[in-house]
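Student: Input: one structure, supplied below.
We did not get these values from a lab; they are worked out from the coordinates using the rules stated. Since we're looking at a predicted model, the values are computed, not measured. Cβ sites come from the backbone with ideal geometry, for glycine too, and all protein chains shown count toward neighbours.
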Amino acid sequence: MCKTILIADDSMFMRNLLKNLLADNGYQVVAEASDGSSAVSLYKEKMPDIVILDLIMPTMNGLDALKSILKFDPKAKVIICSSMGQKSFIIDALQIGAKDFIIKPYFDKLIPALNKLFR
């Protein structure tokens, strides 16, 4: 059975890029969100295996969405995928509970990071 994914990014271009990359590698995108609060709602509704979360989004940012998702489901697997690669963001995300941090546009690191979650 293929792993299900929720993509949360305010850029439709980025979501489509990720969706194609994931589909090509055997992952199934079950939901897409353009802001953090939608991501949290969709997580609760769909319970995907993995969440790919951008940091900078309207309504609720990625770190707050990460906190909300982990509060709802402490076992949630969330990977932050953001162009905001400052060390402080990375450290914050990982300390809150993100499984990995991928800096856009280095998506060649995304599939190995996802595969590592299910070894």
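Student: Apply the Karplus parameterisation 6.51 cos²θ - 1.76 cosθ + 1.60, with θ equal to phi minus 60°, to every residue of region 88-93 and state each ³J(HN,Hα) to the nearest whole Hz, in sequence, with x for glycine and proline.
Tutor: Result, ordered by residue: 5, 5, 4, 4, 4, 4 Hz.
Student: When the label point is put 7 Å from the Cα of I56 along its Cα-to-beta-carbon vector, which residues of region 95-119 have a backbone N closer than 20 Å?
Tutor: Only 101-107 fall inside the zone, counting backbone N under 20 Å.
Student: Under a plain spin-label model, where a point goes 7 Å from the Cα along Cα-to-Cβ, how far apart in nm are I103 and D73?
Tutor: It is 3.0 nm.
Student: Only four residue types carry charge here, +1 at the Cβ of Lys and Arg and -1 at the Cβ of Asp and Glu. Report the dipole size of the chain about the Cα centre in Debye, rounded to the nearest 20.
Tutor: Result for the chain is approximately 420 debye, rounded to the nearest 20.
Student: Here's something else I'd like to know. Can you list the residues, at least 5 places off or on another chain, whose amide H is less than 5 Å from the amide H of D100, using H built in the peptide plane?
Tutor: For D100, whose amide H was placed from the backbone, the distant partners under 5 Å are I80.
Student: List every residue whose amide H lies under 5 Å from the amide H of A33, counting only residues 5 or more places away in sequence or on a different chain, with H placed 1.01 Å from N in the peptide plane.
Tutor: So A33 has HN proximity to I7, A8, D9.
Student: Could you work out how far apart the two model spin labels at L117 and Q95 are, taking each label as a point 7 Å from the Cα in the direction of the beta carbon, and quote it in nm?
Tutor: About 2.3 nm separates the two model spin labels.
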